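Chemist: Please find one structure pasted underneath; my questions will follow.
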Amino acid sequence: MARMIRVCFVCLGNICRSPTAEGVMQHLIGEAGLQELIEVDSAGTAAYHSGEKADLRSRQEASRRGIELTSLARKFRRSDFAHFDYVMAMDQSNYDDLSTLMNSADDAERLFLLRSFDSASPVGASVPDPYYGGPEGFAEVFEICEAACRGLLAHLRSAHQLPGGRVG
């Protein structure tokens, strides 16, 4: 069996954007039958919400679309770079914070902006933080995460010679 590919989605507090991306990616992986080959997680650059469920508004938006967000918030650790093949930052600020935790040049090759996997996104585009806004922001974040995660899954299939199957 091929080696497990590990992906971690990272935002600031790990209660809105990164758990949404984690849930969307897990759903796409399940649809594609690749759950034995790809593992996903999420974390935050800060520990403000460690141990908490995803924001209720994120969970409600995901549920409305048939996806359950089950992760609990945690802080990204320097040692996580050694565990994950792909570290997906939600915005440039998260990317910069993660850059300060790198142990080696290899770590730099694991760090990406999530939207860089969505060919329709402008270069350097962020997943906006919906925390202080209304429900429309959570819907937008879900759609952005879904588009980027579809692109990420296509990349993983190509880069790691994974089975084709259905991509949703």
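The values are calculated or read from the model by the stated rules, or taken from the named source; none is laboratory data. No experiment lies behind these values; they were computed from the predicted model shown. Every residue, glycine among them, receives a Cβ derived from its backbone with ideal geometry; neighbour counts consider all protein chains shown.
Chemist: Only one residue in 152, 111 is crowded, with 18+ Cβ neighbours inside 10 Å and touching a Leu at 6+ places or on another chain (Cβ under 7 Å). Which one?
Modeler: Answer to the selection: 111.
Chemist: With respect to the numbered conditions (1) at pLDDT below 95; (2) within 14 Å of the chain's Cα centre (by Cα), which one is the sole condition not fulfilled by residue 84?
Modeler: The number of the failed condition is (1).
Chemist: Among 36, 31, which is over 8 Å from the mean Cα position of the chain (by Cα), outside any helix (DSSP H, G or I) and either at negative phi or at pLDDT 95 or above (or both)?
Modeler: 36
Chemist: Filter the range 68-89 down to the residues that are within 20 Å of residue 106 (Cα to Cα) and among the aliphatic types (A, V, I, L, M), then identify the one that is surrounded by the most Cβ atoms within 10 Å (Cβ to Cβ).
Modeler: Ranking the candidates gives 88 first.
Chemist: Go through the range 55-147 and tell me which helices (runs of 4 or more DSSP H), entirely inside it, have 3 or more residues that are touching a residue at least 12 places away in the same chain (Cβ under 8 Å).
Modeler: The qualifying helices (runs of 4 or more DSSP H) are 56-64, 80-83, 92-99.
Chemist: List the number of the failed condition for residue 22; all other conditions in (1) assigned to a helix (DSSP H, G or I); (2) without any contact (Cβ under 8 Å) to a residue 40 or more places away in the chain; (3) closer than 22 Å to residue 132 by Cβ hold.
Modeler: (2)
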